[in-house]
Every structure is written in C-alpha cells, then in structure tokens.
Amino acid sequence: MKFVDEFRDTEKAQSLQREIHAIATRLERNQTRPLQLMEFCGGHTHTIFRYGIEQMLPDSIEMVHGPGCPVCVLPMGRVDDCVALAERPEVIFTTFGDAMRVPGSRKSLLQAKADGADVRMTYSPMDALNLARQHPDREVIFFGLGFETTMPSTALTVLQARREGISNFSLFCNHITTVPTIKAVLDSPDMMIDGFLGPGHVAMVIGERPFQFIALDYHKPLVITGFEPLDILQSLWMLLKQFDEGRCEVENQYRRIVPAEGNTAALGAIGEVFEVREFFEWRGLGSIDHSGVKMKDAFADFDAEKKFPVENLKIADPKSCQCGEVVKGVIKPWDCKIFGTVCNPENPMGALMVSSEGACAAYYNNGYEKKRA
Amino acid sequence: MSKLKGKTITLAHGAGGKAMRDLIDEVFVSGFDSPELSLLEDQARFDLAALCRHGDRLAMTTDSYVVDPLFFPGGDIGKLAVTGTVNDLAVGGATPRYLSCGMIIEEGFSVDELMRVVASMKATADAAGVRIVTGDTKVVHKGAADKLFINTAGIGVIPEGCHIVASRAEPGDVVIINGHVGDHGAAIVDARGELALETTIETDCQPLQGLIAAMLETCPDIHCMRDATRGGVATVLNEFASSSGVAIRVEYQAIPVREEVRGICEILGLDPLYLANEGKLIAVVPPEQAEALLAVMQAHPAGRGSAIIGSVEAAPQGRVILVTGFGGDRILDMLVGEQLPRIC
C-alpha cells in the first residue's frame with residue numbers, strides 16, 4: 001500500500017536497528033542504569049507492540065509507555081457523567097468506538113447501551129452533527145475527547161452547528177492538553193525519564209515550539225515522532241545520537257506531517273471555541289492544572305455541561321491501582337500488585353488496562369503476564 | 001398468478017391460517033423446491049441406508065444469521081445462512097446433505113425482498129449440493145426483530161477414517177489458509193455506508209465443501225480445520241493452539257490481505273486478522289503433504305489465493321506468535337470483546 005509500506009520496510013528497519021545497537025553500546029559505558037525513553041502517545045505504544053519494536057532494542061534501553069491515551073486516562077466520574085447523559089430519554093449519545101468500554105463506577109457506555117440507552121458509535125463529530133439534522137426531535141450529544149489531535153474537528157463541528165443554527169446538538173467536552181501533562185510527569189519526584197518521543201499528531205496541530213521547554217528547562221531531549229514503525233526506530237536513533245553527541249534539543253522526525261509552526265487554521269478553531277480549565281482530573285495521575293479545556297461562554301448553547309445537569313462526579317481510583325507509577329516509568333506493568341490477576345482486559349481496574357493502547361493492556365495482550373515470575 | 005408480490009409481511013402470515021399457507025406455498029415451497037419440503041409434513045424423513053453409504057458418522061450443526069444490512073456486495077443474508085452452516089459441516093470433514101431453515105420476520109418486511117433471500121438460499125444450496133428440507137416461519141411485531149433473522153441447521157455425513165479435531169495439531173505441522181482474510185468483515189463495514197469510502201469490497205461468502213472434498217482426497221489426514229468466521233483468523237489459530245497444547249507461529253507477511261481491506265483497517269484502526277470471513281478455512285496438516293495440498297487448493301476456485309502461513313511448534317504452549325516481518329514478534333491473542341475502532 002502506497003505511503004504505508006515504505007514506512008514498514010524490513011531492510012531499513014534492520015539497518016536502523018544496527019545503528020541503534022552501535023550507539024547504545026558506546027553509551028552503555030557511562031550508564032549505571034538503562035536509559036528510560038518515554039513515548040508519550042498511545043498511538044506510539046500501539047505501533048511499538050504491534051511490530052514488536054521493544055524486542056529489537058538492546059537491554060540498555062527501556063521504553064516507558066506514557067499517559068497519552070485519552071481513553072485510558074478518562075476518570076470514572078466522567079464516565080458516570082456520560083452514562084447519566086446517555087440515559088436521558090431525549091438523548092442520542094455519540095462517541096468514538098473505544099471509549100464505549102471504559103468502566104465507570106456503575107457501568108460503561110457499552111453496558112448503558114445494553115440497558116436501553118441510545119448510545120451510537122461515530123467515526124467523526126460531523127457524523128454526530130448529521131444525526132442531529134436527521135433527528136430534530138432528539139438531543140444529540142457528542143462525547144468530545146482526545147488531545148489537541150481531535151480538538152480541531154470537534155471545534156469545527158461546533159462552529160458548523162452554530163452556523164446552521166442546529167440547536168439540538170451539543171458537545172460533552174473532555175478534551176485534554178499535552179504540555180501540562182508532560183510537565184506533570186517531569187515534575188514528579190520519582191521520575192527517571194531520560195528522553196521523549198514526542199506526539200506527532202499533537203505536534204501537527206500545535207507545532208514544535210510548545211515542546212521547547214522540555215529541552216531548555218528540564219534538559220531532556222525530545223524527538224517529534226510519526227506513527228509507522230520506521231518512524232519510531234528513526235526517532236529512537238535520533239534520540240540516541242543526541243545523547244552520544246552531548247546535545248539536548250527538540251527535533252522533528254515527522255517533518256512530512258508536522259510543520260514547525262503547527263496548523264494555524266486548526267489552532268484558530270480551537271482558540272475560538274475552547275478555553276483552558278483550571279484543572280482536569282486524570283485517571284491514574286490525579287488532578288493536573290490547566291490540563292483540560294472547556295467551551296467558551298459564547299458557545300453555552302452547544303455545551304452539554306450547561307444544557308443538561310452534569311454532576312461532575314469525583315470518584316477516586318481504586319486504591320490498589322498503580323497506574324500512576326507505571327505511566328511515570330517508576331514500575332513496569334507486571335510489578336503492579338493486581339496486574340493480570342484482579343486487573344485484566346476483561347475486568348479492567350486501572351486506566352492502563354482499559355484500551356489496547358494502555359501499557360498494561362498491551363503487556364497483557366502480548367503475553368508479558370508471565371515475565372513477572 | 002402471484003398473491004404476494006409487492007406486498008408486505010403482516011402478523012397474519014405467521015398466524016397459522018390461510019395467509020401463512022399462501023406464504024409457505026408461494027415463497028418457501030416453490031422457492032426451495034425440494035421433494036422433502038413439498039410433502040408439507042411436520043418433519044423431513046431420510047433413508048438411513050442411503051446415508052450410510054457415504055460414511056460412518058452423522059454431523060449436525062446450527063447457526064443463526066442476523067446481519068445488517070441484509071444485502072451487501074457479493075452476498076446477502078440468504079447466501080450467508082446456507083454457506084455458514086454448510087461450511088461448519090464441511091470443515092469437520094462431513095459432506096453436507098440437508099438443511100433446515102427457520103425464519104423470524106419483522107412485521108412490515110417486503111415479500112419481494114423475502115423472495116430474493118429465498119432465491120439466493122436456493123441457488124447457494126444447489127451450488128453446495130445440499131437441500132433445504134424443513135422449515136419454520138414466525139412473524140413478530142414491528143421492532144421485535146430487525147427485518148429478518150434466519151436460523152439454519154444442517155446434517156452431513158463424515159466419511160470413514162476422517163478425523164479432524166482442534167486438538168490434533170503437532171509440532172512440525174504446517175498451517176494453510178485458502179485465500180485473502182477479512183473480506184467479509186470489511187465488506188459489511190463498507191456496506192453500512194458510514195464511512196463513505198470510494199471502494200467497494202465484496203464479501204468472500206462461499207461454500208467450501210467442494211474445496212474440502214478435493215483437499216481430503218489429496219490429504220485424508222488433515223489434523224485440524226475450521227472456518228474463520230467471527231473473531232477471524234486470530235481466533236481460530238488460538239483455538240487450535242490451546243486445544244492442542246502447542247504454539248503456532250505465523251508470518252504476518254505470508255497472510256494474504258487485499259489492499260482495500262488493509263486500507264479500511266488502517267483508517268479505522270482495526271486488525272484484519274480479527275475480521276470475520278465467510279469463505280475462509282484454516283487447516284493444520286502434516287508437513288510432508290503440505291506442498292501437494294497447497295497445489296490442489298490453488299487449483300480449486302474456492303482456494304485460488306491459498307497460502308502456507310505458518311507452522312506448529314512445541315512451545316510456548318497455547319500461544320499464537322505473529323512474526324511481524326519487521327524484526328520483532330508479538331503474541332496474537334483472542335479479542336476480549338468486539339473489535340472497536342481506535343480514537344487516534
């Protein structure tokens with residue numbers, strides 16, 4: 001397949017693998033522990049497991065799978081709010097597919113659907129807007145979630161709804177922001193991460209500049225990375241070269257998609273519709289300042305939080321969960337007390353077991369549950 | 001002169017009276033056109049001695065069909081209802097002989113569409129060498145079913161000496177598939193029209209009894225064989241690995257997947273190895289017969305795209321390992337629930 005297979009070429013992968021091993025061997029002499037490199041984004045985690053990339057790396061490099069899976073980090077209270085909205089008789093509740101399985105304290109959206117709520121899976125917020133046009137007698141709510149990657153499309157949908165005067169469409173906004181979250185990881189005292197693979201699709205929207213502080217203030221290199229397996233290997237090689245040459249910079253491996261200044265039209269739409277929340281609650285990481293957005297007052301008519309009673313429930317993560325330590329790289333999934341036993345993909349207790357992009361689910365599905373012993 | 005053409009199904013058509021009789025006569029008896037059904041007895045009757053000449057065991061299976069939409073590129077619910085049950089018999093080595101057909105129809109369904117479905121069942125049954133010999137019709141209130149549900153049960157005869165079970169995979173055995181994977185699942189996603197894609201993907205829906213008969217002639221000692229329907233290729237491989245207590249190692253690049261199917265999977269974040277098929281079988285066979293068997297399969301219309309995709313190893317027991325072709329391996333597990341599209 002054009003523009004896909006080129007980025008999965010085995011020979012190129014092997015030559016990158018050789019280079020990575022060569023540099024890693026040089027670096028090892030000055031290392032007292034493995035280099036910890038974090039891929040922030042769940043999309044990267046998915047590629048790393050799908051292509052078995054961890055096995056291609058030397059033991060002196062350890063991948064830490066970061067918090068960048070918006071489905072995983074959705075707190076139980078928000079899922080409960082979704083279920084409550086979906087259970088209103090006048091509501092058609094629309095959502096991306098993989099958010100359906102996230103457990104709330106009572107039930108998931110999938111269970112709510114089974115119990116009679118009108119929950120529908122859509123591929124884009126525009127599909128939800130279409131439903132609103134087709135069902136003028138119903139209230140269509142779109143469950144907006146994701147980082148800056150998905151924000152522009154929801155923002156544009158809301159703008160379109162306003163332009164057309166579609167009054168039975170609203171957004172339940174749970175969008176989250178990347179930079180404050182990386183900052184929270186960097187600020188945590190037990191953090192040992194040495195460098196980052198930066199989220200390519202987020203960077204496509206926000207550009208390179210917002211990541212500069214990571215190199216300048218925290219002295220950690222970051223390479224903005226694409227999502228094909230060769231992208232990941234090349235970015236790892238670029239990170240290692242920085243260590244080898246004593247550099248610490250923000251570099252862009254994903255230039256074919258990511259312009260340095262980002263996408264100004266997308267940023268314009270985001271800025272028009274959304275404003276920063278004071279804080280947002282994350283599953284596994286707790287409350288992080290300025291890590292979410294809400295709709296501006298001018299869009300109150302399209303804001304499900306204002307249109308319907310939303311309780312904003314706060315429900316603590318289960319005490320036994322160690323998701324927070326896993327996303328910070330302090331422990332590996334199999335070090336968690338309940339990994340693979342109480343917590344498994346059929347019955348996820350913690351965020352990271354929920355979606356296939358979560359580190360724990362990926363470890364479990366790839367048969368790593370035995371490594372613990 | 002047709003009493004029913006252009007009409008819709010009403011509750012009267014399931015009430016046991018004249019209207020039901022008309023429906024049975026005009027749609028089912030004339031549509032399926034089998035001597036057993038035409039007798040209109042409460043049961044079909046078979047001559048045991050005749051069956052015994054074909055083998056020493058009976059095989060029986062049942063399956064229900066609830067696909068939406070009812071008609072899709074390359075097939076429809078009727079073709080599916082015959083093919084699925086025929087294939088479930090055939091992959092056990094049985095020669096399919098007779099099918100039953102139970103229909104649950106939603107009030108308001110079009111008689112013309114019902115006739116199309118019945119005609120498709122008849123054509124598929126003829127192609128597969130089976131007869132539809134008994135049936136049942138129920139009509140339910142609007143909303144109590146989605147247009148049309150079909151159940152078929154099937155009976156077949158297993159020839160002497162044929163012993164195909166999921167627990168017979170042995171280290172050294174070779175794993176063969178009869179063509180491209182994921183076509184049916186992708187066709188259904190495509191046919192729902194939610195994606196507005198420019199391509200049209202056709203289902204692979206096809207009866208497999210002819211191909212399997214040819215396979216058994218060349219290699220009577222096929223160890224395991226199943227059709228990879230719901231849950232896809234990944235699920236069947238896992239069933240073999242866990243029932244046999246062996247490891248199965250498959251090469252991702254050896255598994256045939258059409259470009260269009262790969263495309264739809266790339267867009268939606270689905271994995272073709274978990275997509276449903278309706279005309280694909282996976283066989284585990286002794287290594288010394290694999291090449292000859294592959295040649296026979298590739299020469300058959302239902303096996304043109306056949307390929308050897310992997311082999312059986314002793315350990316790790318119960319695991320399917322996918323060689324990604326990129327340099328690493330990964331475990332190919334069963335799905336937990338439905339495969340859901342990823343957000344990003």
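Of the strands (runs of 3 or more DSSP E) lying entirely inside the stretch A:116-200, those containing at least 1 residues that are away from chain B (no Cβ under 14 Å) are A:139-146, A:169-175, A:195-199. Return a yes/no flag: does the stretch A:333-352 have any residue that is without any contact (Cβ under 8 Å) to a residue 12 or more places away in the chain and either closer than 23 Å to A:Asp187 by Cβ or crowded, with 16+ Cβ neighbours inside 10 Å (or both). No, the conditions are met nowhere in the stretch A:333-352.
Among the candidates A:Gly116, A:Gly77, A:Gly165, the residue that is out of contact with any helix residue (DSSP H, G or I) (no Cβ under 6 Å at 6 or more places or on another chain), of a type outside the set (Phe, Trp, Tyr) and at pLDDT below 95 is uniquely A:Gly77. The criterion of at least 2 residues that are at pLDDT below 95 and in the same structural domain as B:Lys79 (by TED's automatic domain parsing) is met by none of the strands (runs of 3 or more DSSP E) wholly inside the stretch B:222-319.
Among the residues of the stretch B:200-237, those identified as within 10 Å of B:Ala166 (Cα to Cα) and not aliphatic (A, V, I, L, M) are B:His223, B:Cys224, B:Arg226. Of all residues in the stretch B:169-181, those satisfying the criterion of being within 28 Å of B:Leu99 (Cβ to Cβ) and either modelled with pLDDT under 95 or not in a loop (DSSP other than H, G, I, E, B) (or both) are B:Ile176, B:Ile177.
Among the residues of the stretch B:161-185, those that are within 15 Å of the chain's Cα centre (by Cα) and of a type outside the set (S, T, N, Q) comprise B:Ile177, B:Gly179, B:His180, B:Val181, B:Gly182, B:Asp183, B:His184, B:Gly185.
Applying the condition of being over 13 Å from B:Ile177 (Cα atoms) and out of contact with any His (no Cβ under 6 Å at 6 or more places or on another chain) to the stretch B:273-283 and asking which residue is surrounded by the fewest Cβ atoms within 10 Å (Cβ to Cβ) yields B:Tyr274. Among what's in the stretch B:35-71 and is touching a Leu at 6+ places or on another chain (Cβ under 9 Å) and of a type in the set (A, V, I, L, M, F, W, C), pick the residue that is surrounded by the most Cβ atoms within 10 Å (Cβ to Cβ). In this case the residue turns out to be B:Val67. Among the residues of the stretch B:284-324, those that are within 14 Å of chain A (Cβ to nearest Cβ) and surrounded by 17 or more Cβ atoms within 10 Å (Cβ to Cβ) comprise B:Arg319, B:Val320, B:Ile321, B:Leu322, B:Val323, B:Thr324. Within the stretch A:97-105, one or more residues are in a helix (DSSP H, G or I), surrounded by fewer than 21 Cβ atoms within 10 Å (Cβ to Cβ) and within 11 Å of chain B (Cβ to nearest Cβ). Here A:Val83 meets each of (1) part of a helix (DSSP H, G or I); (2) modelled with pLDDT under 95 with one exception, condition (2).
Candidates in the stretch A:35-69 are the residues that are in a loop (DSSP other than H, G, I, E, B) and surrounded by fewer than 24 Cβ atoms within 10 Å (Cβ to Cβ); of these, the one that is farthest from the other protein chains (Cβ to nearest Cβ) is A:Ser60.
I'd like to know if the stretch B:82-97 contains one or more residues that are outside the structural domain of B:Glu260 (by TED's automatic domain parsing) and over 26 Å from B:Met215 (Cβ atoms). No; the residues of the stretch B:82-97 include none that is outside the structural domain of B:Glu260 (by TED's automatic domain parsing) and over 26 Å from B:Met215 (Cβ atoms). Screening B:Gly210, B:Gly231, B:Gly269 for residues that are away from chain A (no Cβ under 14 Å), small (Gly, Ala, Ser) and within 24 Å of B:Ile188 (Cα to Cα) leaves exactly one candidate, B:Gly231.
The values are calculated or read from the model by the stated rules, or taken from the named source; none is laboratory data. Just so it is clear, the model here is predicted, and its values are computed rather than measured. Cβ coordinates were reconstructed from backbone atoms using ideal geometry, including for glycine residues, and neighbour counts include every protein chain displayed.
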